[in-house]
1. Interface size between chain A and chain B, please: total buried accessible area, 1.4 Å probe, rounded to the nearest 100 Å².
2. How about the stretch A:79-187: which GluC sites (Glu not before Pro) there lie in a loop by DSSP and see at most 10 other Cβ atoms within 10 Å?
3. What translational diffusion coefficient, in µm²/s and rounded to a whole number, does the Stokes-Einstein relation yield for the stretch B:169-317 at 10 °C and a viscosity of 1.306 mPa s, taking the hydrodynamic radius as the Kirkwood radius over Cα pairs?
4. Cα axis of helix B:133-145 to longest principal axis of chain B: angle in degrees, 0 to 90, nearest 10?
5. State the percentage of accessible surface on the stretch B:25-166 attributable to carbon and sulfur atoms; use a 1.4 Å probe and exclude ligands, DNA and RNA.
6. Among B:106, B:235, B:138, whose Cα projects farthest towards the positive end of the dipole of chain B, with charges put on the beta-carbon of Lys, Arg (+1) and Asp, Glu (-1)?
7. For chain A, what's the relative contact order in percent, using C-alpha pairs closer than 8 Å and at least 6 residues apart?
8. Identify, among A:172, A:92, A:308, the residue whose Cα sits farthest towards the positive end of the charge dipole of chain A, taking +1 on the Cβ of Lys and Arg and -1 on the Cβ of Asp and Glu, with the dipole about the Cα centre.
Amino acid sequence: MKLFAAALLLLAPAVAGDLFVDAADSAGLGFRHVAGAEGRFRIPEIMGSGVGLLDYDGDGDLDVYFVQGAGSDRLFRSRLAEDGRLAFEDVTRRAGLLVETRPGESGHGMGVAAADVDNDGDIDLFVSRYGPDRLWLNQGDGTFREAGEGSGLGDPGFGASAAFFDFDADGLLDLFLTRYNGFTDAGAKQCRGPTGVLDYCSPLEYPPLPDRLYRNLGGGRFRDVSAQAGVDQAFGAGLGVAAADFNGDGRPDLYVANDKSPNQLWLNQGGGRFVDDALLAGAAYNQDGMAEAGMGVTAGDYDGDGDLDLFVTHIRGESSTLYRNDGSGAFEDVTAASGLAAASLAATGFGVLWFDFDNDGDLDLFAVNGHVTRPDAASREPFPYGQPNQLFRNDGAAGFTDVSAQAGPALRRAGVSRGAAFGDLDNDGDIDVVVNDADGPAQLLLNQAAPAARGLVVRLLTRQGRDAYGARATLRRAAAPPLLRTVGADGSYLSSGDPRPHFGLGPSEPDASVSLEVLWPDGARERFPLTESDRLLTLRQGQAVAVTRQ
Amino acid sequence: MRASLTSTLALAALLHPAGAPCRAQAPAESSCRAAAAGLGTSFEPAVARQIEQARRRIAEQEADPEPRGRLGMVLHAYRQWPAAELCYAEAAALAPSNVSWLRLWAMALAELGRVPEALAAVDRALALDPDSLPARLQRAELLFALGRLDESLAEALRARRLDPDSAAASFLEGRALAGLGRVEAASAALGRAVSLAPEHAQAHYALAQALRRLGRTQQAQAELRLYARLGSVAPPSEDPLLDRVLALDEGVGGRIARANQAALRGDLDAAIAALQSALAVNPDLAVAHANLVVLYGRGGDLEQARRHYQQAVALDPRQADAHAAWARLLVAQGRLSEAAGVFAQAVAAAPHRAELRVELGRTLDALGRPAEAAAAFRAALDDDPLHAEARSLLGQALLRDGRLEEGLDQIERSLDSGERAAADLAALARAHEADGRPELALAYARRALLRCGDRTPADLVADLQASVQRLESRLRPAAR
């Protein structure tokens, strides 16, 4: 485990006031996505690919897995120095993850979800694809092996975002996979924009595919239980998914963002059954009853009322949508009142997450953007879909403010951003962002926003020693409102983030009574006393004191 | 990026006080004309011609705002927002008292995400014409998008005063009220909107959400059912200016859209003419040929239908819609073997379209090939497990193939589908009777009769009545 180092950022030339700086080049995160765009306008090209943050070698810092569109995915190992300097090394081949593209192979890498699927203490990888999906089992020695057909996860359809969660509370992480549509290379349609210029087709040109729920049988094997669970009873062109307990009944539910079709809110009924309640719950459509182009989704308690709210990114002209949860699992579209409608109207958003970028205690939003059809039909650029990304600061009752213009040059650059994973890469107590741009270089956006404010990052482990996906952690302090955060790597778009909950603590003020209350996935509650100086903790279920503490 | 899109001319127009005299001086070089010059080279010829003609008029009438606004409208119709915005800005600068250019400029600005500037342009339009209902509605929308809900509400109320019968005004009023947490008042406004425009799907949905928040769940569900029946259709237009812009779309897409509208209202000749005009622009338009297969087939001109089918698949052998349309015509002529082959080509072209597999299965079933039909229906269910018709047909094909248990299971699972229930129950009755279970057969036949309605085929009803009589008489001695 590398030591916490406060705001030491020596790799990228930062200008005072920049909230994020792109340190990909200087840190050696030299990944370039290949969309494979050769003028045929195949749908997978424009959907981009995801990125995963995982500590695959168990050394306490986050490594980065990039899904490649056309070609082999890449794993970059973090060599975080004691002084906080980040440096990455491409270990794809050494880790056994290099996949040579076979002649004539038309698959395309889409999403990634990271989790310890076999409870052996190391993090495995699921990669969704246009083409057969792959499960890579971590062998604990720095290498992975492909689980192959025996895993039960090799769906040949057009897979998109995936979420690991334990829907049946058996201690094994199950998998929900969104699937997009019935595009095939053999049946590809030729579509044109309003001026007659060739362009990517609308998702409605192809039939949507039902999503998949896989039950974990143990040992890296899964079974498709979609029909038994009822999750095949409603579906659209699925892209984003968030797993969380939305109605407070103690069971993990699912929210699926669909492209141009109604979203689903799968409420876990227990007994392995789910029921879609999105329509009556107000989360299927926006406030005008329009099925929007759902891409990325994130669940978090932005208003501090103890329940999980949803934010879904959409296509230009629709604005993104903020659904506020009333605590019972019923939602209200409050996008306009929150100041997010006009600000997101011109953006086509994909990866997104609620996170506290400035460590002030409330959840902000970072959305990555990029068009899906030509905004300027006359453009001569080969891939003219770029747009700047956006950062929205949570100003409490005043709503959200678009602070992208103040965030630095990294947020003024127009890329075709798709996957985005969020996590504390340099273990300095704030959240950084890795972005996978379609047909462009990856971005490593290091957070410099909150040098004065403090952050707390907590790794929560089950009794078996696995990240406690689905656990809810509430930070309680005498002098401040409670902060609810969850454990999980899902949300965003095609990506897998840092599962460790992060709490922004605001400016340092003495607080004698600090504790973390954890509601574990099995329903047990536990309260851990903390100290004011805690920054980076590992807590394990059933152990009253921290396993590691820095 | 945003700053560069704001031409100095546009800024000057923004700063210009509404109604004040304006020196309508044409800029030395029109930014709008220059921006449009880069467009069109790769466009459809008809679109490129339309843009070029509008461009040329600017050069001919440099001091006239109308050609610039007109070019803006053409570009607007094709959603070329940056260039359209420049043109509208120039037109508005040259004709500061023209409400139309200001309103259209605001639309383009809003599309580019420059909502505060759009609001400023609409404010200028309203200063010139305070009684413009579309401008009031536009302002209410923009204020709402900016999160200024109190002002949006006030604007919607002003709009309603101008026209108490405006469904849009009531809808925007209800939406703002709901956002402000005044849910009871919102439900009243939205209720008014749906009574003024019963086809206003968005208002039904918003009303359902308001009713849900008020705890009136049953009423909310009723509104959601109405919403579901209407679908996500756009509300009725209350803006003739925008309608004029959209009518300028002379591209292939616009022509096909007009063909679809004509076909929907049953005007086959107009639909065919619109598609032929699209083909005159682009003869390689496989989708237009495919649509002509349907239209000529509907009109009984099979020779033309065949000709367009051949042209469609010659251009693109993966035209599933063309294959399917021709296969349906073959079915109608009783040429089932040929139809099955063509449906198979449609399925190969679009392997995830469940409805094509169902049609293939039906045709195979009609040819007396139930095992192959069952395989087609199963494949359809793989892609769409909710396809009740596929499940029901699978069950019936399995029964015909002698796979009784499997068939019964599938039909039982499809029974909730409503429309087909009588036929499914009748099939179950027949299967149980054939398998020596007359009690069950009678029960199913009776249930089937109960499900028969106006649209149930008369021969099915007669068949069921005969079955019930036969089974009752067969079971009577046993009952004693």
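1. Details: alone 19470 and 23080 Å², together 38690 Å².
Using a 1.4 Å probe on protein heavy atoms, the buried area is about 3900 Å².
2. Values: sites: A:82, A:89, A:100, A:105, A:146, A:149; in loops: A:82, A:100, A:105.
Counting only loop positions with at most 10 other Cβ atoms within 10 Å, the GluC sites (Glu not before Pro) in the stretch A:79-187 are A:82, A:100.
3. For these conditions, the coefficient is 87 µm²/s.
4. 80
5. Values: 2440 of 5050 Å².
Answer for the stretch B:25-166 is 48 percent, counting heavy atoms of protein chains only.
6. Result: B:235, furthest along the dipole toward the positive end.
7. Working: 1693 pairs, mean separation 82.3, N = 550.
Relative contact order here is 15 percent.
8. Comparing the listed Cα positions along the dipole, A:92 ranks first.
The values are calculated or read from the model by the stated rules, or taken from the named source; none is laboratory data. Treat the numbers as computed from the prediction; the structure is a model and nothing was measured. Note that we place each Cβ from the backbone using ideal geometry, even for glycine, and neighbour counts take in every protein chain shown. Only protein heavy atoms, including side chains, enter the accessible area calculation; ligands, DNA and RNA are left aside. Shrake-Rupley method; radii C 1.70, N 1.55, O 1.52, S 1.80 Å.
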